[in-house]
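Okay, so here's the structure we're looking at.
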Amino acid sequence: MNNTANYDFIIFPEVAKALEMGLPIVALESTILAHGMPYPQNLEFAQKAIDLVRQHGAIPATIAILAGQVHIGLSREEIKTLTTANNVQKTALRDIPWNIAQKLNGATTVSATMHLAHLAGINVFATGGIGGVHRDAENTFDVSQDLLALSSIPMLVVSAGAKAILDLPKTLEALETLAVTVLGYQTKEFPAFYSCQSGLFLEQFLDSAQAIATLYQEHRRLNLQGAILVANPVPKENEIPAQEISEMIEQALKAAKQRNVFGKALT
């Protein structure tokens, strides 16, 4: 269902047609392109993600804000602008109206992408790692807006767990408190972004996409307002084992603290 009638969105023609015809669409975030990796790796990654979605029979819809206009799906030229421009704002849920009013370029985080995709009538969103509860949050109160979005937007969100720099046990506890279903896909363990293993085990897990789709249908019939977070680990051959990456993460966090880097700048 297309919910964009009252919103001034620019919908890429391929995505608009898919919405009209009820074809499967996968929303993709854009922060990883503007802030997650350097050029040209970010441009290559964007194209690979789009190609993968198409190879599996769905229509990709990369979401971003360009010159104050929300785009649901991007052209190659628009993706190149996003990956090369130096004035792209990291845009979370609360930043959307500011970026639109100020006519800024904005790369959308998990929370912003979910909100805009949901308004456009898209039900499935795929990302790398969600934000969550930061380490030392009991002192800093640093908790990602992603958790608020996951608790209030009824989408199917597929990710490789949460960002490994976070406090993963507290993130899972927060998701439970917020009534967000966390579902393992072909795994009983919550993945740690780069790694398949975190030592944190899940109560619910399924082995097929069809079973997940059936669960989501029941979720919507019950009018539950939170998301279903599908924890889909990185392929074993591509993972960085937890014991190998943990030392690097600790070094990075120490360096960030020394440089007074925190919040969304840290992630």
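The values are calculated or read from the model by the stated rules, or taken from the named source; none is laboratory data. Given the structure is predicted, the values throughout are model-derived calculations rather than measurements. All Cβ positions, even for glycine, are placed from backbone atoms using ideal geometry, and neighbour counts span all protein chains on display. With ligands, DNA and RNA removed, areas are computed over all heavy atoms of the protein, side chains included. Shrake-Rupley method; radii C 1.70, N 1.55, O 1.52, S 1.80 Å.
Summary table
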| quantity | calculated |
| --- | --- |
| Checklist (1) over 17 Å from A112 (Cβ atoms); (2) open to solvent by 20 Å² or more (accessible area, probe 1.4 Å) applied to E29, failing item | (1) |
| Any chance Q145 is modelled with pLDDT of 95 or more, in contact with a helix residue (DSSP H, G or I) (Cβ under 6 Å, 6 or more places away or on another chain) and either closer than 30 Å to T187 by Cα or of a type outside the set (A, V, I, L, M) (or both) | yes |
| Some residue of segment 89-96 being touching a Pro at 6+ places or on another chain (Cβ under 7 Å) and either at pLDDT 95 or above or not polar (S, T, N, Q) (or both) | no |
| Residue match in segment 150-171 (condition: among the basic types (K, R) and under 22 Å from R94 (Cα atoms)) | yes |
| Subset tally (residues that are under 27 Å from P97 (Cα atoms) and of a type in the set (G, A, S)) for segment 29-65 | 6 |
| Residue ranges of helices (runs of 4 or more DSSP H) in segment 50-133 with at least 3 members open to solvent by less than 10 Å² (accessible area, probe 1.4 Å), closer than 16 Å to M155 by Cβ and in contact with a helix residue (DSSP H, G or I) (Cβ under 9 Å, 6 or more places away or on another chain) | 110-120 |
